[in-house]
Amino acid sequence: MRAQLLARATLPSLWSLDRIPGAAAWLAHGVDGSLVVLDDSLAVVREIRLPEDWKGGHSVTPDLARFVASTPDRVVVLGADGTEVWSHPHVPWQSEEAGSSAVTAAGIWAVVRTAEGDRCVLFDAADGAPRAIRPVAPATVGSELIPHPDGVHLGLAASHTDDAYRIFVLASAGSEEVAEVPPGDSRVLTDIHASGLMMLTTPIEAGPLSLVRFPDGAVIAARPGEQVFPDPDEVFDIYAGFLRRDLVLAASSGERHVLFSVPDLRAVAEIEYPEDAPREWLVVRSDGIWLTADAESGTVCAWTLESGG
């Protein structure tokens, strides 16, 4: 199935590239410390400089008015002009560790280090007052927070010092319990379905692409790479997402991008790109648009399926 090019841009070399939950926009983080909001034409609509000691995952509010930056020892909220609105200090991350953040209707969530261990903290968006604190164990090395469509729950993809990757579900209201989603410790949470009923996971190294039930993680469908890719050494990469309510788009280690049906994860078609299209990174949004990118060159392309796809 052919990809239709919507836009192409060249940015500074990339550290990360993400969708912005609740906004028709994208967040590009340059290795030079720039944090840039792009619209679907890949035009720059906001740009700030991160604090010089930036470290970890950053986010932006759906109205694009405020940025949330992670640093080694604090969470910082910045205005659209880059000025500090508030910050919250925490115990410093070690050299190979970092926190992350996400914006939801309930406020700003961030993974931080405390004297008692790692915590996922919900801050008031206006003044930074902590409104909920959820323990996360074991200690994390890196993390990503994925808001649930209900505005209350949150998915946490965490990596740990024992080379394990775990998935947790937490909420802004009710029980303070953080629930680990079983089974296994070698998969990554990549997306939550618009219905809120399913989560998508990708494997670390060999393993299946999986749809699991929210919130308990019961397997709905699992698709091993050997059933999809012609090369036995080709496996699923970590990049995947819900492209529509009925479609998943997932990447392979060979930079192959394949569409799968929901909820059975049947392989539907492989995406066909022009020869010069970047394919190292894949970022998927549920309204049918996705980005591909090359981190070193900073080349980013926006795509949709050709009419009739």
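Structure above, values below:
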| item | result |
| --- | --- |
| Residue that is modelled with the lowest pLDDT [pool: residues in the stretch 275-304 that are open to solvent by 20 Å² or more (accessible area, probe 1.4 Å) and over 19 Å from L11 (Cβ atoms)] | E275 |
| Yes/no for R119 being assigned to a strand (DSSP E or B) and more than 20 Å from the chain's Cα centre (by Cα) | no |
| Of all residues in the stretch 187-201 being hydroxyl-bearing (S, T, Y) and open to solvent by 10 Å² or more (accessible area, probe 1.4 Å), the one that is nearest to L156 (Cα to Cα) | T190 |
| Subset of the stretch 87-108 that is open to solvent by less than 20 Å² (accessible area, probe 1.4 Å) and not hydrophobic (A, V, I, L, M, F, W, C) - its residue that is nearest to A132 (Cα to Cα) | G107 |
| The listed residue being open to solvent by 10 Å² or more (accessible area, probe 1.4 Å), in a strand (DSSP E or B) and either among the aromatic types (F, W, Y) or closer than 19 Å to T190 by Cβ (or both), out of V111, V141 | V141 |
| Residue within the stretch 231-243 that is in contact with a Pro (Cβ under 6 Å, 6 or more places away or on another chain) and part of a strand (DSSP E or B) present | yes |
| Top-ranked residue of the stretch 122-138 - restricted to ones that are in a loop (DSSP other than H, G, I, E, B) and without any contact (Cβ under 8 Å) to a residue 60 or more places away in the chain, ranked as most open to solvent (accessible area, probe 1.4 Å) | D127 |
| Sole residue being of a type outside the set (K, R) and modelled with pLDDT under 95, chosen from D233, D246, D237 | D233 |
| Selection count where residues are part of a loop (DSSP other than H, G, I, E, B) and within 21 Å of D237 (Cβ to Cβ), scope the stretch 156-191 | 5 |
| The listed residue being surrounded by 20 or more Cβ atoms within 10 Å (Cβ to Cβ), closer than 28 Å to F260 by Cα and either touching a residue at least 60 places away in the same chain (Cβ under 8 Å) or of a type outside the set (A, V, I, L, M, F, W, C) (or both), out of L11, L17 | L17 |
| Residue check for T71: open to solvent by less than 20 Å² (accessible area, probe 1.4 Å), out of contact with any strand residue (DSSP E or B) (no Cβ under 7 Å at 6 or more places or on another chain) and either among the β-branched types (V, I, T) or under 23 Å from L291 (Cα atoms) (or both) | yes |
| Neighbours by Cβ (under 7 Å, 6+ apart or cross-chain): first from the stretch 76-100, farther than 24 Å from E47 by Cβ; second acidic (D, E) | P89/D73; H90/D73; P92/D73 |
| Count - residues of the stretch 251-303 that are among the basic types (K, R) and within 19 Å of the chain's Cα centre (by Cα) | 2 |
| Single residue of the stretch 202-230 satisfying the filter (outside any loop (DSSP other than H, G, I, E, B) and over 14 Å from D264 (Cα atoms)) that is most open to solvent (accessible area, probe 1.4 Å) | E226 |
| Residue among A98, A173, A80, A105 that is at pLDDT below 95 and touching a Gly at 6+ places or on another chain (Cβ under 7 Å) | A105 |
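So that you can scan it fast, the table gives a plain yes or no per residue for (1) surrounded by 15 or more Cβ atoms within 10 Å (Cβ to Cβ); (2) in contact with a strand residue (DSSP E or B) (Cβ under 6 Å, 6 or more places away or on another chain); (3) among the aliphatic types (A, V, I, L, M):
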site	(1), (2), (3)
P232	no, no, no
V235	yes, no, yes
G241	yes, yes, no
V258	yes, yes, yes
E272	no, yes, no
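Residues are listed down the side, and each one gets a yes or a no for (1) at pLDDT 95 or above; (2) surrounded by 16 or more Cβ atoms within 10 Å (Cβ to Cβ); (3) not in a strand (DSSP E or B):
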position: L27; (1), (2), (3): yes, yes, no
position: D32; (1), (2), (3): no, no, yes
position: D40; (1), (2), (3): yes, yes, yes
position: P51; (1), (2), (3): no, yes, yes
position: F67; (1), (2), (3): yes, yes, no
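Residue-wise test of (1) within 22 Å of the chain's Cα centre (by Cα); (2) over 20 Å from S159 (Cβ atoms); (3) outside any loop (DSSP other than H, G, I, E, B).
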site: L78; (1), (2), (3): yes, yes, yes
site: G82; (1), (2), (3): no, yes, no
site: V85; (1), (2), (3): no, yes, yes
site: W93; (1), (2), (3): yes, no, no
site: S101; (1), (2), (3): yes, no, yes
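The values are calculated or read from the model by the stated rules, or taken from the named source; none is laboratory data. Every value quoted in this text rests on a predicted model; they were computed, and no experiment measured them. Quick reminder, even Gly has a Cβ in these numbers, built from the backbone with ideal geometry, and neighbours come from all protein chains shown. Just so you know, the surface numbers come from the protein's heavy atoms only, side chains and all, with ligands and any DNA or RNA stripped out. Shrake-Rupley method; radii C 1.70, N 1.55, O 1.52, S 1.80 Å.
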